1. Among the residues of the range 69-89, are any open to solvent by less than 30 Å² (accessible area, probe 1.4 Å), more than 30 Å from Val227 (Cβ to Cβ), polar (S, T, N, Q) and in a strand (DSSP E or B)?
2. Could you please let me know if Asn238 is within 20 Å of Asn88 (Cβ to Cβ) and open to solvent by 60 Å² or more (accessible area, probe 1.4 Å)?
3. Between a first residue in the range 242-258 that is closer than 15 Å to Thr64 by Cβ and open to solvent by 50 Å² or more (accessible area, probe 1.4 Å) and a second residue that is at pLDDT 95 or above and assigned to a strand (DSSP E or B), which pairs have beta carbons less than 6 Å apart while being 6 or more apart in sequence or on different chains?
4. Out of the residues in the range 187-198 that are under 30 Å from Val85 (Cβ atoms) and not hydroxyl-bearing (Ser, Thr, Tyr), which is surrounded by the fewest Cβ atoms within 10 Å (Cβ to Cβ)?
5. Among the residues that make up the range 177-186, is at least one of them part of a strand (DSSP E or B) and open to solvent by less than 40 Å² (accessible area, probe 1.4 Å)?
6. For the range 125-137, which positions are in contact with a helix residue (DSSP H, G or I) (Cβ under 9 Å, 6 or more places away or on another chain) and more than 30 Å from Ile161 (Cα to Cα)?
7. Give the range 45-68 a look and list any residue that's at pLDDT below 95, closer than 19 Å to Ile128 by Cβ and part of a strand (DSSP E or B), or say none.
8. Pairs, please: C-beta under 7 Å, at least 6 apart or cross-chain, first residue farther than 17 Å from Gly244 by Cα and in the range 40-53, second surrounded by fewer than 13 Cβ atoms within 10 Å (Cβ to Cβ) and polar (S, T, N, Q)?
Amino acid sequence: MKRIQFTALAFLVSMITALAQGDFEGGVKGGATFTHGYTTIPSVPLSATLSIPQLNNKNNGIGTGYSFGIWGRQNFEKFFLQVEVDYNKFLLKQKTDFSVPAAVAAVLAGQPLPSVIPASTPTTINTISESTLESVNIPFLIGKKWCNGKFRAFLGPNLLITTKAEAKRTSTATVLSFSIPTPETTSDLKNPNPQSPTESILKVKSVTYAAEVGVGYTFFRRLDLDVRYAAPVGGIYNNKDITGYLGIATVSLGLHLF
């Protein structure tokens, strides 16, 4: 992974060197990310007779993270090209509820089922999760300027190289009118436990890509205010049966160094 990051940085430096022959500008940037979305996870078998049903994770508010990096922009007569190397943190908040037999609920909780509760007793499980993804992003953007360069609009692909991915979950099981909360658990989604079917199915890709669009405003000749929106179109999970939507808005402030 360090080699990939070094290669990405070397590529940007070479781009800057090649493009600096003309009307070129560049600098640093930083800001905040705002993530929302939902995920549908297919049924997961736990044994020959037990399985977790399909999970429909719904959005549970906006998750906030951060973004910072460097950028270079080559201006042409009617358009500009911009390349960046950013480090980002995205936080996705979700919730879901589903019903399973008490035997399945006990397996998920990692606890033995009390003998007084029949294995087939219907049990409702409410789960709240927060998934964190950290990545090196390399956007390749093409755009246009108006009003003497003050206003900009741009779009293009964004390469995401995952450095960290994890999910924190808390659940409450309701069986026979009793509510049983479970301790918070954390799963490594980049290197999941292969012995855990509930973790391995959620393995996140090392590299994926997104489509990005945005607008910007330059003031004081040295500051860029950007608002952009991206959606991964290559999927973030190795398992193609996992579907859903992930939307990421970013608000950042860039400083012109040259």
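1. Step one: filter the range 69-89 for residues open to solvent by less than 30 Å² (accessible area, probe 1.4 Å), giving 69, 71-75, 80, 82-86, 88.
Filter once more, keeping what is more than 30 Å from Val227 (Cβ to Cβ): none.
So far as the range 69-89 goes, no, none of its residues is open to solvent by less than 30 Å² (accessible area, probe 1.4 Å), more than 30 Å from Val227 (Cβ to Cβ), polar (S, T, N, Q) and in a strand (DSSP E or B).
2. Working: within 20 Å of Asn88 (Cβ to Cβ): no; open to solvent by 60 Å² or more (accessible area, probe 1.4 Å): yes.
Against the criterion (within 20 Å of Asn88 (Cβ to Cβ) and open to solvent by 60 Å² or more (accessible area, probe 1.4 Å)), Asn238 does not qualify.
3. Val251/Gly31; Val251/Ala32; Val251/Val227
4. Our first condition is that a residue be under 30 Å from Val85 (Cβ atoms); within the range 187-198, this holds for 187-192.
So of that shortlist, the ones also not hydroxyl-bearing (Ser, Thr, Tyr) come out as 188-192.
Numbers: Asp188: 15, Leu189: 22, Lys190: 16, Asn191: 12, Pro192: 21.
Checking each candidate, the answer is Asn191.
5. Start the filter on the range 177-186 by keeping residues that are part of a strand (DSSP E or B), which leaves 178-181, 185-186.
From what's left, open to solvent by less than 40 Å² (accessible area, probe 1.4 Å): none.
Checked the range 177-186: no residue is part of a strand (DSSP E or B) and open to solvent by less than 40 Å² (accessible area, probe 1.4 Å).
6. Initially, the range 125-137 is screened for residues in contact with a helix residue (DSSP H, G or I) (Cβ under 9 Å, 6 or more places away or on another chain), giving 125, 136.
Residue satisfying the conditions is Ile125 alone.
7. Of everything in the range 45-68, those that are at pLDDT below 95, closer than 19 Å to Ile128 by Cβ and part of a strand (DSSP E or B) turn out to be Ile52, Leu55.
8. What qualifies is Ser51/Ser43; Ile52/Ser43.
The values are calculated or read from the model by the stated rules, or taken from the named source; none is laboratory data. Predicted model only: the values in this text are computed from it and were never measured. Cβ: placed from backbone, ideal geometry, glycine included. Neighbour counts: every protein chain shown. Areas reflect the complete protein model, heavy atoms only, side chains present, ligands, DNA and RNA absent. Shrake-Rupley method; radii C 1.70, N 1.55, O 1.52, S 1.80 Å.
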